[in-house]
1. Tell me, rounded to the nearest percent, the portion of alpha carbon pairs in segment A:73-282 spaced more than 24 Å apart.
2. Go ahead and estimate [θ] at 222 nm for the protein assembly as shown from helices alone: -39,500 (n - 2.57) per DSSP H run with n ≥ 4, summed, over the residue count, rounded to 500.
3. Provide the buried accessible surface between chains B and A in square angstrom, both chains summed, 1.4 Å probe, rounded to the nearest 100.
4. GNM, chain B, Cα, under 10 Å: largest mean-square fluctuation among B:Leu56, B:Leu125, B:Leu87?
5. On a 0 to 90 degree scale, rounded to 10, what angle separates helix B:138-151 from the longest Cα axis of chain B?
6. Given contacts defined as C-alpha pairs under 8 Å and at least six residues apart, what's the relative contact order of chain A, whole-number percent?
7. What number comes out for the charge environment of A:Val73, summing +1 per Lys or Arg and -1 per Asp or Glu over other residues with Cβ under 15 Å away?
8. Within 10 Å, at most 10 other Cβ atoms, and a DSSP state outside H, G, I, E, B define an exposed site. Report the longest part of chain B free of exposed trypsin sites (Lys or Arg not before Pro).
Amino acid sequence: MMNAQTSTPAIELQSSTSLASRISVKPIFQKLKPSLESAAYTLGGFGILLLGWYLISKVTADALPGPFATLAVFWELIKDPFYDYGPNDKGIALQLISSLGKVFLGFSLGSLVAIPFGILMGANSFCRKLLYPIVQILKPVSPLAWFPIGLAVFQSAGSATIFIIFITSLWSTLINTAFGVSTIPADHKNVAKAFGFSTWRYITKILIPYSLPHIITGLRLSISVAWLVIVAGEMLSGGMGIGFFVWDSWNALSLEKVICGILIIGLVGLLLDKIFTLLEKRFSYSN
Amino acid sequence: MYLEIKNLEISFPTPKGKYTAVRNIDLEIKKGEIVSIIGHSGCGKSTIMNAVGGMLTPTKGTVTINGQPVKGPGPDRGIVFQNYSLLPWLTVYENIFQAVDAAVKNKTRDEKKEITEKYIKMVGLSSHREKLPKQMSGGMKQRVAIARAFAINPDMLLLDEPFGALDALTKGDMHIELLKLWNLENRSKTIIMVTHDIEEAIFLSDRIVVMTDGPAATIREIEELHLPRPRNKKEIVSMPEYKIIRERLLSLLMDKVEIDQADFYQAAEVEVG
Ligand SMILES: Nc1ncnc2c1ncn2[C@@H]1O[C@H](COP(=O)(O)OP(=O)(O)O)[C@@H](O)[C@H]1O
Ligand SMILES: [Mg+2]
């Protein structure tokens, strides 16, 4: 007892200065702990990948360029990403911007078509029965198969590439939107009925808010596939873009550049996915 | 008669075949009456409310209001759903305002905003007006649902266990608010309420409808109350009629429990033996 009593003021004195830091540091550390942990795992995984890569390149006597050679090339690429030496020789950032531009244009147009049709399919069983077979047949088709049709219609490889991204972006968004709209709980519909909501109020205050998380999931899946398809599309169409860059690097026999291209494509894909995951979180209304 | 329910039967299709929830329901309610429905859970109280509200179409029989068959829901009937049915992405204020904005005609936007504020205040949620349903307790959600139904100023209020999630004190306040509202409009609003609370039913009602148990539940008995209005909770409990009605309701609702207990003891004896 005595001991505890006498020591109390000392503790108070000591803590009065460090109280603020003690209170804030611990929770922040605890918050950071999971992300530190996952960062450690990520680094560990990449360490193993780099080691394997290094060994393979050693074994194959540099037929596959090793990490260090590739890193040097990567540095060259990002040192001056915006250079422009004519139509067939542009910086990596310009290639990337070109690809992203095409993806966003095709994706936006596709979403503008897919969301309203998805709502229609979800809300109306007649439309669903009419449209669903079409979606089922066309969804499994590789979007690249549409490239010739795009060429025939638009007479331009660039527009044909945007066209296949447009097609790519339809299906997941369509299906997820339709699913979201068709699962609106009876409770919510009853509120609309009981209080005499107009169609417009029903759409803006119940249908859209309820379906939004599903729509965003659809958009996320769509843009992921669109990013996959743009690379292949640009290999077909040529001209400009990250896919063209990879193909052009292969023609120039620089596997280092090809690998750099792969890494950049992966990172951008991850970034796109993360952006839409954040949007999904932002617009989810459940706990 | 203002509301007429004639030979009402409601069945639901289930995987095991047709399930008849209620049948042979005959009930007439005058304009301005307050009627409670009590019965064991699952006997079809909500089903009857939904038929009056227009959420369900009768399998047999008719529901008419002012001689017109009920064809669907409408803002002439304000409903407090048993599960509150708030829109999860709207705040307290928006949940009420959207309903008012949709259901109330011939009022300006500012007037509708005023109405919304008034009813938020009535249910004591002014300091929570920007909260989402997931940030609130069951009782608070229930009060939002009550405010929403009251705010559209309907001719008929359909309240499905409206005060069930409230603590005794808040419940008492809500009873007063309900009766105030009813008095304010010269007792012209018709109120139908489902409840489990016998005291609540007696304090508020002109008549109490007691249901039999489901399936195929029907009306077992209708109790007429002649307690004078305005009623005072403290005063009525000492009135002889209050005690008689209370005993009657208790015995109607409890005899099943006693039979269940007898079954239980028999079963226990069999097991012991
Ligand atoms: N949509 C439905 N489909 C099938 N059965 C239902 C449906 N709604 C209610 N029921 C059944 O009807 C009976 C009465 O339900 P309900 O009216 O909710 O009871 P209460 O409100 O009295 O507790 C219950 O047995 C319930 O399971
Ligand atoms: Mg019920």
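1. In whole percent, the long-distance tail amounts to 49.
2. One gets -20500 deg cm²/dmol as the mean residue ellipticity at 222 nm.
3. The B and A chains share an interface burying roughly 1800 Å².
4. Comparing B:Leu56, B:Leu125, B:Leu87 in the GNM, the peak value goes to B:Leu87.
5. Orientation of helix B:138-151: about 60 degrees from the principal axis.
6. 19
7. -3
8. Longest run free of exposed loop sites: B:106-273.
The values are calculated or read from the model by the stated rules, or taken from the named source; none is laboratory data. Note that the coordinates shown come from a computational prediction; the quantities given were computed from them, not determined experimentally. Positions of Cβ are backbone-derived with ideal geometry, glycine not excepted, and every protein chain shown enters the neighbour counts. Surface accessibility is based on the protein's heavy atoms, side chains included, excluding ligands, DNA and RNA. Shrake-Rupley method; radii C 1.70, N 1.55, O 1.52, S 1.80 Å.
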